[in-house]
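K.L.:
Got a structure here, written out as structure tokens. Questions coming.
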Amino acid sequence: MPMIISDEFDRILNYAADEAMRTGSMEVGADHLLLAIIRDGENEAADILRMLGVDLQECKHFIESRISHGAMVPFADRDNVRLSREAGSLINMSMAESERAGGTVTGTAQALSALMGLSGGAGRMYLSELGVTAGAVRSLAAEHGKPKPDVPHPNVQFIGIFNTNNKTVS
């Protein structure tokens, strides 16, 4: 069954590239995805974090203090920014989360749940210390609905993180 990435999650993936560049990295990692969720602020994952009592700005500052590499990557180099192996795994785990829940749309709540299943990362460590778990994220996502109805057309292949408009993944 093909998996569709919601427009909301697609927007977050693109913000994650900006966050990687802002923190001086040429690779998008899981922490950059969490920074993008926080930056956007108007997505299902951010809503869930707030429901769990997470101060998004404190989380942002914690992550930045641990992953910033000094100088920002120039915008001219944006086409050279790539997904890390960790971020690719997180996206695949997000799709598996969606499928496990019986859905065909992968959104930011599934990405947050998948992030909590990773073994490393400053953001996951911070959230874990606050008691955030993948189970708590799944539970709140189930209570508060599925990804917003901004689903793209399902007949276009997912090609890459920065060209994901109207995409599906088989």
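K.L.:
Largest first and in whole Å, give the semi-axes of the stretch 1-74's equivalent ellipsoid, each being the square root of 5 times a Cα gyration tensor eigenvalue.
P.N.:
So the equivalent ellipsoid measures 21, 18, 8 Å along its semi-axes.
K.L.:
Quick one: length gained pulling MET51 to GLU64 fully straight, 0.36 nm per residue minus the C-alpha distance?
P.N.:
That pair, MET51 and GLU64, stretches by 2.4 nm at full extension.
K.L.:
Let me ask you something else. Give, in whole angstrom and from largest to smallest, the semi-axes √(5λ) of the equivalent ellipsoid of the stretch 1-44, with λ running over the eigenvalues of the Cα gyration tensor.
P.N.:
Ellipsoid half-lengths, sorted descending, are 20, 13, 7 Å.
Computed from the coordinates by the stated procedures, all read-outs in this text should not be read as laboratory data. Worth saying up front: this structure is predicted, and the values here are computed from it rather than measured.
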